[in-house]
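The values are calculated or read from the model by the stated rules, or taken from the named source; none is laboratory data. The shown structure was predicted, so the numbers you read here are calculated from the model rather than taken from an experiment. In this analysis, Cβ positions are derived from the backbone assuming ideal geometry, glycine residues included, and neighbour counts consider all displayed protein chains.
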Amino acid sequence: MNECPNQDITSLVEKIMKQSLIKLKKLPNEKDKKSNDQFKLIFPKYRDKEDKVKKEINPNSLIRYSEQEARFLFCREIEYLFLNRKDNDVYSDEDKNLTNSMFYSVETPTEKTYLFKYDNNKKETKNDDEKKKTETKSSSGSIDICIYNNAFKRNNCIEFKCSNVVEASIQKDFEKLIRESGDNFFIHILKTYDEKTINNIITKYKKSFKNLSCKTYQQEGAIEKKNITIEANSLTMYIFIIESVENKSTMLKLKKIFNFKDNIESLEDYMNLNCEDIEQNKIKSKNWGIK
């Protein structure tokens with residue numbers, strides 16, 4: 001049985017994550033060439049590309065958004081809080097004291113091993129033997145950011161994703177986040193959204209869980225393959241909208257607290273979303289009608 005994560009640390013991690021996402025929305029960008037007095041980090045821009053249909057430059061497609069900026073701001077928020085460089089009043093003295101008892105790492109090697117199959121659509125120079133070895137040999141993965149308690153035990157695993165990525169990319173992260181112990185987080189960042197986009201993403205979430213429920217793996221030294229088991233204590237998923245309606249910092253939240261009776265098939269059943277303005281700390285339920 002895994003040690004129960006420190007809930008005080010988990011609550012602070014969630015608060016830090018929300019504040020870092022609010023700041024993500026306020027970052028300057030290379031295209032606009034407008035600075036502010038808060039950040040030196042900016043969103044870069046792509047090279048100017050002509051729209052082949054409209055025969056013109058689409059300015060809205062030039063800014064390069066990625067999960068990297070969100071990761072940097074999250075770490076920056078932890079360091080600022082630890083150094084007592086608070087730039088708002090959302091953190092309490094207890095929060096400050098708690099940062100003395102927590103640590104973090106980036107690109108953290110996983111405790112479990114994983115088998116992500118060779119992608120036959122990729123152009124590789126590997127011969128057939130090398131391809132087969134790649135397909136069958138499991139190895140450690142990595143977690144974007146890992147939070148530890150004061151005993152250096154892992155408390156939270158956090159993965160970031162940006163844009164409407166392919167299902168396989170989401171599935172890899174989900175597998176890590178349910179097999180690694182802790183109160184874990186999946187942060188999905190979108191530039192803009194509409195109901196069609198959200199439905200498309202949630203469908204990918206559901207399909208990823210369904211695929212994982214059928215996946216088997218072979219533990220080192222074991223003869224028989226086993227189904228994937230849930231090791232995480234909880235999984236919280238956020239979809240954060242950078243350019244949302246009325247310029248609010250909108251975030252859609254899904255949370256699941258696991259117990260030992262849970263199986264992966266049950267993860268498909270909690271895909272209703274709460275819509276939250278994280279700057280005003282208001283939550284409005286929104287059922288997106290996922291089929």
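Taken over the stretch 151-207, the criterion of being on the phi > 0 side of the Ramachandran plot, surrounded by fewer than 16 Cβ atoms within 10 Å (Cβ to Cβ) and in contact (Cβ under 8 Å) with a residue 60 or more places away in the chain is satisfied by SER163 alone. Only one of THR197, THR125 is modelled with pLDDT under 85, farther than 22 Å from ILE241 by Cα and β-branched (Val, Ile, Thr); which? Exactly one residue qualifies, and that residue is THR125.
Report yes if some residue within the stretch 130-150 is at pLDDT below 80, under 19 Å from GLU67 (Cβ atoms) and either of a type outside the set (Asp, Glu) or surrounded by 14 or more Cβ atoms within 10 Å (Cβ to Cβ) (or both); otherwise report no.
No - not one qualifying residue is present in the stretch 130-150.
For residues that are more than 24 Å from GLU231 (Cβ to Cβ) and under 16 Å from the mean Cα position of the chain (by Cα), scanning just the stretch 166-194, find the one that is modelled with the lowest pLDDT. Only one residue fits best here, namely LYS191.
Scanning the stretch 64-100 for residues that are touching a residue at least 60 places away in the same chain (Cβ under 8 Å), surrounded by fewer than 19 Cβ atoms within 10 Å (Cβ to Cβ) and assigned to a loop (DSSP other than H, G, I, E, B) yields SER66, ASN88, VAL90. Quick check on the stretch 29-36. Is at least one of its residues surrounded by 15 or more Cβ atoms within 10 Å (Cβ to Cβ), in contact (Cβ under 8 Å) with a residue 40 or more places away in the chain and outside any loop (DSSP other than H, G, I, E, B)? Scanning the stretch 29-36 turns up no residue that is surrounded by 15 or more Cβ atoms within 10 Å (Cβ to Cβ), in contact (Cβ under 8 Å) with a residue 40 or more places away in the chain and outside any loop (DSSP other than H, G, I, E, B).
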